[in-house]
Amino acid sequence: MRIFKWPESVFLATVGIPTILLIILLLVPFFDRRRERRLARRPVAVVAALLVVASMGVLTYKGATAKESIASENLAKVPEWQATQNLPQDALPGARIFASLTCLNCHSYLGTGGGFAGAPDLSAEGSKGRGIDWQIGHLKDPPAYTPNSPMPSFAGLTDQQLRQLAVFLEASKGPKGGG
């Protein structure tokens, strides 16, 4: 799953390739029905088995050596976010933290990320007027501020990182600063 981009090729990775390989394995006995059991005399079975083993090996290797590119893709969006939201300079460190953490696995921001039903779009979070202290408290202990919240705690961040993230969220007032 690490080497396939969402959503374009995830179907291929999760359904397409495994299904094709399973069908090949199921059909091998119908194509090669000889009584001969020596591998040298069963080329169809040998080729099918080698293809399955090779593809599993290649996909495993590619998955193990894939670079984590999602965070860098999200970081590349920060200048676009700044332009669209008219973010002040003091909000940019928080935007970089937001892009590099796992926030966009659940939340969306100006069309980026999302994927968890119920996680709000944070593009206009600052327009709610909750304030920096509320944002920091919520990041440290989400259920205390939003009951039954499945959001994980980010209390492991430094006070400076939490403040920067809160400044970014409060500066996010929607496209062109909410206007």
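Numbers below:
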read-out	value
Among residues of the stretch 105-132, those that are farther than 18 Å from Pro175 by Cα and either buried (at least 17 other Cβ atoms within 10 Å of the Cβ) or among the charged types (D, E, K, R) (or both), counted	3
Residue in the stretch 144-167 that is in contact with a Ser or Thr (Cβ under 6 Å, 6 or more places away or on another chain), in the same structural domain as Leu101 (by TED's automatic domain parsing) and free of Cβ contacts under 8 Å to residues at least 60 places away in the same chain present	no
Filter result for the condition that a residue is of a type in the set (Ser, Thr, Tyr) and touching a residue at least 60 places away in the same chain (Cβ under 8 Å), over Thr84, Thr102	Thr84
Residues of the stretch 119-151 satisfying the condition of being farther than 27 Å from Ala76 by Cβ and assigned to a loop (DSSP other than H, G, I, E, B)	Gly129, Arg130, Gly131, Asp141, Thr146, Pro147, Asn148, Ser149, Pro150
Close pairs from the stretch 37-50: first under 11 Å from Ile24 (Cα atoms), partner surrounded by 10 or more Cβ atoms within 10 Å (Cβ to Cβ) and acidic (Asp, Glu), Cβ under 9 Å, at least 6 apart	Val44/Asp32; Ala45/Asp32; Ala48/Asp32
Filter pass, Gln135 being crowded, with 16+ Cβ neighbours inside 10 Å, closer than 25 Å to Ala117 by Cβ and polar (S, T, N, Q)	yes
Verdict on Asp90 being acidic (Asp, Glu) and more than 20 Å from Leu162 (Cβ to Cβ)	no
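The values are calculated or read from the model by the stated rules, or taken from the named source; none is laboratory data. These numbers come from a predicted model, not from an experiment. With ideal geometry, Cβ positions are generated from the backbone for all residues, glycine too; neighbour counts draw on all protein chains shown.
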